[in-house]
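Asker: Next up is a structure, given as structure tokens.
None of the figures in this text is laboratory data; all of them are computed from the coordinates on show. Quantities reported herein were computed from a predicted structural model and do not represent experimental measurements. When we count neighbours, we look across all protein chains shown, and the Cβ atoms used for this are built from the backbone with ideal geometry, even at glycine.
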Amino acid sequence: MKTKTEKCHDCGKEIKVVGDELKNGKILVYDDNGEKLTIIKCNKCYEKNTGLTNFKSCEVYSRIVGYIRPVQQWNKGKQQEYKERKEFASC
């Protein structure tokens, strides 16, 4: 039988797949507005949380040089600068 490895959605731990059987994990299938999502979780993460969280990346917009654009479209230097920013809030 063919053996391959997949990664846990939550922790990234490797999960062995032999044929169609998972050795140390669970398969979760969700419907997202007609799109079928197949998620694999290790047994430990599945015991902690049987549901699905953080399955879609969030597109973040910010202002750079007068334009509001998605951060992921910025060049690598500006993306790093954005990651290093500190937020200040007044209460």
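Asker: Looking only at strands (runs of 3 or more DSSP E) that lie completely in the chain, which have at least 2 residues being in contact with a strand residue (DSSP E or B) (Cβ under 6 Å, 6 or more places away or on another chain) and free of Cβ contacts under 8 Å to residues at least 40 places away in the same chain? Before you say what the answer is, go through the steps one by one.
Answerer: Details: elements: 3-7, 14-18, 25-32, 35-42, 61-64, 67-70.
In the chain, the matching strands (runs of 3 or more DSSP E) lie at 3-7, 14-18, 25-32, 35-42, 67-70.
Asker: Of all residues in segment 68-84, which are charged (D, E, K, R) and either exposed (fewer than 10 other Cβ atoms within 10 Å of the Cβ) or in contact with a Phe, Trp or Tyr (Cβ under 9 Å, 6 or more places away or on another chain) (or both)? Before the answer, list the steps.
Answerer: Looking only at segment 68-84, we keep the residues that are charged (D, E, K, R), and these are 69, 76, 78, 81, 83-84.
Hits for segment 68-84 are Arg69, Lys76, Glu81, Lys83, Glu84.
Asker: Same structure, new question: Name the residue, out of Lys48, Lys36, Lys23, Lys41, that is more than 19 Å from the chain's Cα centre (by Cα) and either among the charged types (D, E, K, R) or surrounded by 10 or more Cβ atoms within 10 Å (Cβ to Cβ) (or both).
Answerer: Among Lys48, Lys36, Lys23, Lys41, only Lys23 is more than 19 Å from the chain's Cα centre (by Cα) and either among the charged types (D, E, K, R) or surrounded by 10 or more Cβ atoms within 10 Å (Cβ to Cβ) (or both).
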